[in-house]
1. Considering each residue of the stretch A:9-37, count those that are over 18 Å from A:P115 (Cβ atoms), in contact (Cβ under 8 Å) with a residue 60 or more places away in the chain, assigned to a strand (DSSP E or B) and not hydroxyl-bearing (S, T, Y), and give that number.
2. Pick from A:F63, A:F74, A:F67, A:F90: which is at pLDDT below 95 and either among the basic types (K, R) or on the phi < 0 side of the Ramachandran plot (or both)?
3. For the stretch A:65-93, what are the residues that are within 22 Å of A:K42 (Cβ to Cβ) and either aromatic (F, W, Y) or surrounded by 14 or more Cβ atoms within 10 Å (Cβ to Cβ) (or both)?
Amino acid sequence: AQSVTQLDSHVSVSEGTPVLLRCNYSSSYSPSLFWYVQHPNKGLQLLLKYTSAATLVKGINGFEAEFKKSETSFHLTKPSAHMSDAAEYFCVVSDLSNSGYALNFGKGTSLLVTP
Amino acid sequence: DAGVTQSPTHLIKTRGQHVTLRCSPISGHKSVSWYQQVLGQGPQFIFQYYEKEERGRGNFPDRFSARQFPNYSSELNVNALLLGDSALYLCASSFIYRPNYGYTFGSGTRLTVV
């Protein structure tokens with residue numbers, strides 16, 4: 001089964017500084033990878049997805065991620081954090097198995113943005 | 001356009017009871033998936049349905065069951081509730097069952113078992 005590991009459970013940044021949320025994946029073939037964001041008491045929102053096209057993927061709200069096969073990584077970045085970015089972020093891999101097309105979520109990274 | 005609608009938003013049940021959660025997908029979407037999110041964890045896959053057929057099942061006991069109706073809405077049923085079933089249950093809809101086309105999640109049903 002394919003899986004992801006989010007390397008930080010909590011990340012704290014100051015408003016206006018860069019954001020880096022780290023994710024490594026484990027896959028036996030070329031994976032489909034996603035980043036989702038979850039604001040408190042809200043559902044999950046897709047930020048961006050990698051599906052074997054361009055390795056640098058641009059998403060919504062200024063976020064982007066780079067797929068690095070040699071490092072099995074899919075880190076999420078943003079040049080300048082806003083207060084509204086404070087939320088839980090999930091790195092996700094799509095897994096086709098006898099479970100159909102399941103999404104396998106990481107444990108999440110809580111992003112705190114301070115003034 | 002309405003997004004993914006889940007009902008109820010919150011409910012409290014007693015151990016041993018049965019619960020039914022409902023999900024209406026986005027108009028035109030034919031696939032519905034269910035996920036369980038325990039507090040402090042990432043969501044875990046329970047079921048996926050497409051065109052009223054089960055396409056996938058996660059590692060959950062047989063107390064969990066689901067179905068999809070002709071209008072593509074879906075129900076998740078949980079029997080003999082345990083305290084450990086307390087979680088946020090999320091429904092995701094998509095045009096087809098492949099996530100590359102994008103899954104849209106509802107806001108979830110918060111189930112508390114006491």
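The values are calculated or read from the model by the stated rules, or taken from the named source; none is laboratory data. All values derive from a computational prediction rather than experimental measurement. Methodologically, a virtual Cβ is constructed for each residue, glycine included, from the backbone with ideal geometry; neighbour enumeration extends over all protein chains shown.
1. 4
2. Working: A:F63 fails: at pLDDT below 95; A:F74 fails: at pLDDT below 95; A:F90 fails: at pLDDT below 95.
Just one listed residue meets the conditions, A:F67.
3. First, pick out the residues of the stretch A:65-93 that are within 22 Å of A:K42 (Cβ to Cβ): A:65, A:76, A:78, A:81-92.
Answer for the stretch A:65-93, where residues must be within 22 Å of A:K42 (Cβ to Cβ) and either aromatic (F, W, Y) or surrounded by 14 or more Cβ atoms within 10 Å (Cβ to Cβ) (or both): A:A65, A:L76, A:K78, A:A81, A:D85, A:A86, A:A87, A:E88, A:Y89, A:F90, A:C91, A:V92.
Per-residue answers, yes or no, for (1) at pLDDT 95 or above; (2) hydrophobic (A, V, I, L, M, F, W, C); (3) farther than 22 Å from A:G106 by Cα:
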{"site": "B:C23", "(1), (2), (3)": "yes, yes, yes"}
{"site": "B:Q36", "(1), (2), (3)": "yes, no, no"}
{"site": "B:E54", "(1), (2), (3)": "no, no, yes"}
{"site": "B:F64", "(1), (2), (3)": "yes, yes, yes"}
{"site": "B:N77", "(1), (2), (3)": "yes, no, yes"}
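For (1) within 13 Å of chain A (Cβ to nearest Cβ); (2) surrounded by 19 or more Cβ atoms within 10 Å (Cβ to Cβ); (3) in a helix (DSSP H, G or I); (4) in contact with an Asp or Glu (Cβ under 9 Å, 6 or more places away or on another chain), each residue gets a yes or a no:
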residue	(1), (2), (3), (4)
B:I46	yes, yes, no, no
B:D62	no, no, no, no
B:G84	no, no, yes, no
B:T112	no, no, no, no
